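Colleague: My structure is below; once you've seen it, I'll send some questions.
Every number here is computed from the coordinates shown, using simple stated rules; none is lab data. Note that the coordinates shown come from a computational prediction; the quantities given were computed from them, not determined experimentally. We place every Cβ from the backbone using ideal geometry, glycine too, and count neighbours over all the protein chains shown.
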Amino acid sequence: MNTKTLARAAAVGAVTSVTALLLGNTAAVAQEDTFPDYAYGIAASGALTIDPLPYVASKDGKFVGDQLLGIGDVLGEHEDDIALGVLTAEAEAGKAETSVTELNLLSILRADLVRTWCEDGKGGLEIINGTLLGQPLPDTSVPGTKVDLSPLLTVTLNDQRRNSDGSLTVTGIELSVLPGATSPDEELSDEEKAALPGLSALLGAPLDAGASTVGDVLDGVNGALGTDIALGSPLQTITVGAANCHESGDGSSDDGSSDDGSSDDSGDDSGADDGAAGSSTLPAAPAPSIVAAALPVTG
Amino acid sequence: MSQHTAPPKAAPSKGPSRRALLTGAVVGVVVMFVAVLGFAFFSGGSDPAATGPSAVAANELGPAAPGADLLASTTFTTIEGAPSDPNPDQVNDGIVVHPLRETPVYDAPNGQAIARMEPTQFGDTWLPVIAEESGFVQVLLPSRPDASTGWLRADDVERARTPFVVNVHLGSKQLELLRDGKRVDSWSIAVGKQETPTPTGRTFLLGAFSDPSQNFSPVILPLGTHSPTHDTFGGGPGTVAIHTWPSADAFGSAVSEGCIRVPADALDKLAEVPLGTLVMIDQD
């Protein structure tokens with residue numbers, strides 16, 4: 001089993017770290033039911049499990065930081081498959097940020113720097129020299145950019161979720177292996193077959209290069225690792241960078257100015273529906289893209 | 001929208017050398033302490049060794065995010081506590097919004113979260129804005145009950161304007177396409193029969209999709225409303241849609257299960273109309 005614990009990670013000799021706040025009184029200080037500003041550099045679940053590292057959370061608004069130089073001990077035999085340079089994570093009131101340098105996930109995804117940040121309820125992702133399967137990564141300015149190589153792989157960049165307490169969670173990179181496969185009979189495409197060696201490396205499981213279906217891959221993984229992974233959830237998920245932050249203060253003063261509606265005039269004259277932001281200055285709504293879907297309608 | 005690209009003037013990541021200077025003999029102890037505490041917090045106190053393979057997705061390891069357990073507002077769901085459309089006969093000024101990120105749906109500005117709204121449903125989600133207040137926009141929802149609305153944070157949406165409105169007249173069985181208030185075209189259509197009527201009120205174009213198992217129409221345009229009589233239909237949630245029909249003899253009559261059947265040339269034009277565009281259905 002490849003599961004490692006944080007306790008072991010913490011013992012890594014190469015680790016350097018400092019916490020501005022020594023959490024000796026965490027239990028007493030912890031405010032129940034508050035969702036902290038937090039950040040972490042990497043986490044994984046599935047055949048290979050990495051608990052969030054380094055993970056910091058600021059529950060009382062004070063600065064907390066942590067840093068690791070590699071996570072070789074956590075990776076163990078996978079050290080050659082997942083390469084990481086320096087991982088930092090910092091959080092304080094209204095702000096969280098994490099960065100990972102010299103990232104190489106199985107040569108599938110590489111980047112010199114992945115910085116995931118969140119500040120005052122806004123956030124984003126910065127990637128320097130990022131490539132996916134040797135190709136430059138797409139623009140990540142739009143939240144939730146997804147590269148879909150399903151059924152084998154999906155990579156989601158800059159995923160953002162606003163929580164009901166107003167905090168924003170930014171997930172920098174999430175790579176899922178076999179993300180949505182539902183049938184073991186699903187055929188692998190040529191591209192996916194070509195990626196099998198990389199998958200073997202990721203999972204540390206020698207997979208049959210002749211595998212032609214999702215079921216073949218699963219059988220290979222389960223056989224090699226002694227696992228019992230079923231379809232329906234990703235076989236492996238790796239997250240690089242996550243940051244959650246609240247708005248500092250009320251933040252009401254800049255409401256509406258972060259998006260296009262800067263002229264937030266209330267004097268619109270189109271009836272009782274108060275359209276703010278002069279509609280004439282808005283871009284034209286796009287024509288729809290026709291997608292494939294299975295929704296029985298009333299006919 | 002690209003406002004979200006530029007990182008703020010965040011302090012540059014501190015380099016390891018600076019950190020190294022600050023470390024010292026206590027580092028190992030501190031790291032161990034914080035890591036263990038961090039994990040205990042993260043995992044709800046469970047034994048780290050119990051975190052087995054295929055436990056939970058990595059980004060779900062943390063404390064449950066507030067609101068993560070709320071239902072998404074989609075054509076498949078029913079959202080309790082969603083305010084009803086206060087002006088179901090009124091045409092808005094064409095503002096539509098697209099959620100840039102998953103965001104809560106509130107029952108009022110700064111109110112209670114009642115659902116989640118996702119950026120994509122049938123392609124990108126676009127919803128009509130019917131009011132705006134205190135940094136929030138009120139939109140029509142695609143979920144049941146029909147004619148329900150909710151409030152989204154204005155910071156979390158991209159805005160655009162559609163010049164179109166679609167009028168559906170159940171009495172005369174006519175569909176009109178308006179652009180900037182002027183009629184572009186109109187067609188004779190088929191609407192729901194008496195036992196399975198097409199619902200009236202203000203709704204919107206929710207999506208445009210093709211479905212090989214519903215080959216009566218090359219494209220189907222689901223609306224943000226549902227059949228009042230079919231809780232489910234054919235395995236679906238009773239979503240009312242605009243689509244064409246293989247035989248022309250139905251047009252001009254009330255024969256459908258609730259959907260709006262239109263001629264092929266009407267569908268061609270309507271499939272170009274932006275999502276979020278209002279569809280006003282009345283008894284005229």
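Colleague: List the relative contact order of the range B:87-152 as a percent without decimals, with contacts defined as Cα pairs under 8 Å and 6+ residues apart.
Modeller: Working: 109 pairs, mean separation 20.3, N = 66.
Answer for the range B:87-152 is 31 percent.
Colleague: I've got another one for you. Given charges of +1 on the Cβ of Lys and Arg and -1 on the Cβ of Asp and Glu, with all other atoms neutral, how large is the dipole of the range B:58-161 about its Cα centre, in debye to the nearest 20? If you can, show how the numbers build up before the last one.
Modeller: Numbers: 6 positive and 16 negative charges, 22 e Å.
In debye, rounded to 20, the range B:58-161 gives about 100.
Colleague: Follow-up. At a Förster distance of 35 Å, what's the computed FRET efficiency of A:Thr131 paired with A:Asp208, Cβ-Cβ distance as r, to 0.05?
Modeller: Numbers: r = 28 Å, r/R0 = 0.79.
Using R0 = 35 Å, I get an efficiency of 0.80.
Colleague: Note down the nm distance, to one decimal, between modelled labels 7 Å out along Cα→Cβ at B:Ala108 and at B:Asp282.
Modeller: 3.1 nm
Colleague: Compute the convex hull volume of the Cα atoms of the range B:58-161, divide it by the residue count, and report the result per residue in Å³ as a whole number. Provide the component values of the computation, followed by the final result.
Modeller: On the way: hull volume 11.5 nm³, N = 104.
Output value, Cα hull per residue: 110 Å³.
Colleague: Related question: Determine the shielding of peptide B:204-212 by partner chains: average, over its residues, the number of Cβ atoms on other chains within 10 angstrom of each Cβ.
Modeller: Details: counts 0, 1, 2, 6, 6, 9, 4, 7, 2.
Across B:204-212, the average partner-chain Cβ count within 10 Å equals 4.
Colleague: Still on this structure, please answer the following. Could you work out how far apart the two model spin labels at B:Gln90 and B:Asp265 are, taking each label as a point 7 Å from the Cα in the direction of the beta carbon, and quote it in nm?
Modeller: 3.7 nm
Colleague: If we sort A:159-170, B:203-214, A:123-134 on the protection proxy, mean other Cβ atoms within 10 Å, highest first, what's the order? Let's see the in-between values first.
Modeller: Details: A:159-170: 22.4, B:203-214: 20.8, A:123-134: 18.6.
Highest to lowest by the protection proxy: A:159-170, B:203-214, A:123-134.
Colleague: Considering every residue in B:159-166, what mean count of other chain Cβ atoms within 10 Å of its Cβ is obtained?
Modeller: Mean partner-chain Cβ count within 10 Å for B:159-166: 5.
Colleague: Which FRET efficiency value, to the nearest 0.05, is calculated for A:Ser189 and B:Ser247 with the Förster distance at 51 angstrom and r the Cβ-Cβ distance?
Modeller: Working: r = 40 Å, r/R0 = 0.78.
With a Förster radius of 51 Å, E is 0.80.
Colleague: Oh, and also: Taking every DSSP beta bridge with both residues inside the range B:58-161, roughly what % is antiparallel (nearest 5)? All intermediate terms of the calculation are to be shown ahead of the outcome.
Modeller: Details: 24 of 26 bridges.
Within the range B:58-161, antiparallel bridges account for around 90 percent of the total.
Colleague: So, one more: How shielded is B:90-96 by partner chains, expressed as the average number of their Cβ atoms within 10 Å of its Cβ atoms? Each step should come with its number before you reach the end.
Modeller: On the way: counts 3, 3, 7, 11, 7, 10, 3.
Mean shielding count: 6.
Colleague: Still on this structure, I have one more. Using the structure shown, select from A:Lys122/B:Lys269; A:Lys122/A:Lys193; A:Lys146/A:Lys193; A:Lys122/A:Lys146; A:Lys95/A:Lys146 the pairs with a Cα to Cα distance greater than 31 angstrom.
Modeller: Details: A:Lys122/B:Lys269 39 Å; A:Lys122/A:Lys193 39 Å; A:Lys146/A:Lys193 21 Å; A:Lys122/A:Lys146 20 Å; A:Lys95/A:Lys146 25 Å.
Correct reply: A:Lys122/B:Lys269; A:Lys122/A:Lys193.
Colleague: Ok, one more. Could you give the nm distance between label points at B:Glu195 and B:Val255, where each point is 7 Å from its Cα heading toward the beta carbon?
Modeller: Distance between label points: 1.6 nm.
Colleague: Calculate, in nm to one decimal, what A:Ala93 and A:Ser107 gain on full extension: separation in residues at 0.36 nm each, minus their alpha carbon distance. Don't skip to the answer; put the middle values down first.
Modeller: On the way: separation 14, 0.36 × 14 = 5.04 nm, distance 3.62 nm.
Here the answer is 1.4 nm.
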